Amino acid sequence: MPYVDSAPVADQAVAEQLFDDAVRRYNEAFADRDVDRFLRFFREDATKIDSSGEAQWDKSQIADLFGELFKMDFEETVTPVKKVVDGDTALLVTDIKLVSKHFAEHFLTALTFTNRDGDWKVLAAASTNLPS
């Protein structure tokens, strides 16, 4: 049976607008180092794989990771590379640089979001190192 897109274009445009707003708020929470507000964008069953290969298998482990990261003094540069919104699922790929006196990291992160009841939340995040 051939694939038929049942979502009207107007609904797709609304979904993209709502996703863009969620990403803006996600980035603001990260920039503000507000771990509680940032974690609202993750599902309870979210998985995150760091550029080092370490994995966090649920929201509580992700909370621990970002709780520690947000205690550090660093500057970030986040550049969107690709965005795809398809109904209630979205992919966002970003080029991220984190720089402090103690470390410098450059990596790509692919975030898979799902929309449930109007809330876009991260289901999976996977990162890979880039040469600096």
### Message
Being over 22 Å from D20 (Cβ atoms) and either out of contact with any Pro (no Cβ under 9 Å at 6 or more places or on another chain) or at pLDDT 95 or above (or both) is the requirement here; does L123 meet it?
### Response
no
### Query
Which members of region 32-77 meet the condition of being among the β-branched types (V, I, T) and surrounded by 14 or more Cβ atoms within 10 Å (Cβ to Cβ)?
V35, T47, I49, I62
### Query
Of the residues V122, V78, V84, which single one is outside any helix (DSSP H, G or I), touching a residue at least 60 places away in the same chain (Cβ under 8 Å) and not small (G, A, S)?
V122
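Tell me the residue from K101, K48, K59 that is under 12 Å from the mean Cα position of the chain (by Cα) and in contact (Cβ under 8 Å) with a residue 12 or more places away in the chain, please. First the steps, then the outcome.
On the way: K101 fails: under 12 Å from the mean Cα position of the chain (by Cα); K59 fails: under 12 Å from the mean Cα position of the chain (by Cα).
Only one candidate qualifies: K48.
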### Candidates R25, R43, R37, R33, filtered to the one that is among the charged types (D, E, K, R) and either touching a Gly at 6+ places or on another chain (Cβ under 7 Å) or part of a loop (DSSP other than H, G, I, E, B) (or both)
R33
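Tell me the residue from V4, V14 that is in a loop (DSSP other than H, G, I, E, B) and modelled with pLDDT under 95, please.
Numbers: V14 fails: in a loop (DSSP other than H, G, I, E, B).
It is V4.
The values are calculated or read from the model by the stated rules, or taken from the named source; none is laboratory data. Since this is a predicted model, take the numbers as computed values, not measurements. FYI the Cβ positions are ideal-geometry reconstructions off the backbone, even for glycines, and counts take in every protein chain you see.
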